[in-house]
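The structure appears below as structure tokens.
Just so you know, all these numbers are worked out from the coordinates, no wet-lab data involved. Just so you know, these numbers come straight off a predicted model, no measurement behind them. Positions of Cβ are generated from backbone atoms using ideal geometry, with glycine treated the same way; all protein chains shown enter the neighbour counts.
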Amino acid sequence: MSILEPEASIWYALCWVVVCVRYVSKRLRLGTWKNPTADDYLVILAMITLTILMALLHIILHTSSNLIAPGEDVSSFGSEEIRERIYGSKLTIVVEQMHISSIWLLKACLLIMYGRMTELMPLHLAVKAISLYVAISYITMQILWFFVWCRPFNQYWAVPTNSTQCSAMINHLITNAAFNLSSDVVIMLIPLPMVFRVKIPLQRKLVLGGIFFIGVFTIFAAAKNKYESFKNPFAPTWMIWYLREAFTAMLCVNLPLTRPFLHQVFSLKDWTTFQTGPSHMYGTNSRQSAYPLHGSSTATIVIAGPLAGERRPSRPKGIIADEGYVMDRSGVIGIRCKTDIRVERDESEQRRLGDVSMPRTESWK
């Protein structure tokens, strides 16, 4: 049995189970299969790229490439071996692209979820900044891969190559490690302010801690696979760490969204609501602003931010709300924000604007 089995198959099956439970949970929460969000599509796409990654790693495990050990005589290679190495080198390119695609798609899924959770919070700006960094890192890495590190591009599968950058891909691996690890760390820091302020029983904090630990292990696996690639590039050890990183990232993205199903199956109690302001129901604060209105009539406008996993409502521009948090029945940490606006229209302003409904005082000479 290879180094990848049976571990890879177990991880793979577990990921599919968790992904399916995610979608069933959404169906239980919303009552419909309709209205999928962007991350719903991206998770399926990530599972496709992960499937390709896993399949190809099983192939290149038994296939040579243009990564030739020092002291090995290239002139002794027969035409059949050269063809096999060219084939293996091309598969290695696809493997690397599938791994990058899987990891960056899952980063996008997490950022989309955090974006919904923090929509009316100051933290939302940080989510946007991190999203921009993740996008720039992906584009930069791909530009360097295709147009800088190995020229011409067909040297990536040449036997032998004109540069070790085309076979060992040292510069690419360093760039990938820098962008991948740095973005993973900042993404993992996003929910910490909310988790630390949550008022729930210890056992449920341990559940959140378990998901956080999976994220930590994902970062460790990302560092470990690069370490193995540099330390012993001719051994297959880096392959299993490639898969461990991708599989644990998939679990980290989907596990937080599985609570509705677990709640239904195991009859779990609801999460405890907690708050940051004086409101006792949803943990919301409010602000009031005065605007001209006829007479003394007042109006209250409530703006509620969506819970994670729900569609994002349109938000009026120019309205500021303080944040509050809630654990909904789906088990997802959500944020609800409420803004109360008191509207009072000044009579003199109304007359100036020519409102005919307002009484006028006329002076007669």
Length-normalised contact order of the range 7-266 in % [C-alpha pairs under 8 Å, at least 6 apart]:
28 percent
Which whole-Hz couplings ³J(HN,Hα) result when phi for each residue of the range 26-39 is put into the Karplus expression 6.51 cos²θ - 1.76 cosθ + 1.60, θ = phi - 60°, listed in order with x for Gly and Pro?
5, 5, 5, 6, 9, x, 7, 8, 7, 6, x, 8, 4, 5
Want the number for Asp73 to Leu189: 0.36 nm per residue separation, take away the alpha-carbon distance, what's left?
36.8 nm
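Taking R0 as 56 Å, what FRET efficiency do you get between Asn162 and Ala129 from their Cβ-Cβ distance, rounded to the nearest 0.05? Please report the intermediate quantities before stating the final value.
Numbers: r = 40 Å, r/R0 = 0.71.
The value I calculate is 0.90.
Nothing charged except the Cβ atoms of Lys and Arg (+1) and of Asp and Glu (-1): what's the magnitude of the dipole of the range 7-266 about its Cα centre? Round to the nearest 20 debye. Intermediate values should be presented prior to the final figure.
On the way: 21 positive and 13 negative charges, 278 e Å.
That gives a dipole near 1340 debye.
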Run the simple label-point estimate for Arg204 and Asn171 please: 7 Å along Cα→C-beta, distance reported in nm.
5.2 nm
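Multiply the residue separation of Ala38 and Ser182 by 0.36 nm, subtract the distance between their alpha-carbon atoms, and state the gained length in nm to one decimal. Walk me through the numbers on the way to the answer.
On the way: separation 144, 0.36 × 144 = 51.84 nm, distance 2.40 nm.
So the chain would gain 49.4 nm between Ala38 and Ser182.
Could you tell me the calculated FRET efficiency between Ile211 and Ile59, based on Cβ-Cβ distance and R0 = 30 angstrom, to the nearest 0.05? It would help to have the intermediate numbers written out before the result.
Values: r = 33 Å, r/R0 = 1.09.
Approximately 0.35, to the nearest 0.05.
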How large is ³J(HN,Hα), in whole Hz, for each residue of the range 67-84 in order, when computed from phi with the Karplus curve 6.51 cos²θ - 1.76 cosθ + 1.60 and θ = phi - 60°, using x for Gly and Pro?
7, 9, 5, x, x, 7, 7, 5, 5, 7, 6, x, 4, 5, 5, 5, 4, 5
Given the Cα-Cα distance of Phe196 and Ile93 and 0.36 nm per residue of separation, how much length would full extension add, in nm?
32.9 nm
Short to long, in 5 Å steps from zero, the percent of alpha-carbon pairs of the range 7-266 per bin is 1, 5, 12, 16, 17, 15, 11, 8, 6, 4, 3, 1, 1, 0
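Quickly rank 131-144, 250-263 as a protection proxy: mean count of other C-beta atoms within 10 Å, highest first.
Working: 131-144: 15.1, 250-263: 22.6.
Going from most to least packed, we get 250-263, 131-144.
Using the Kirkwood radius built from alpha carbon pairs, what does the Stokes-Einstein equation give as D for the range 74-123 at 25 °C and 0.890 mPa s, in µm² per second? Walk me through the numbers on the way to the answer.
On the way: Rh = 14.2 Å.
Result for D is 172 µm²/s.
Rank the residues Trp33, Trp104 as a footprinting-exposure proxy: fewest other Cβ atoms within 10 Å of their Cβ go first. Working shown, then result.
Working: Trp33 10, Trp104 22.
The fewest-first ordering by Cβ neighbours comes to Trp33, Trp104.
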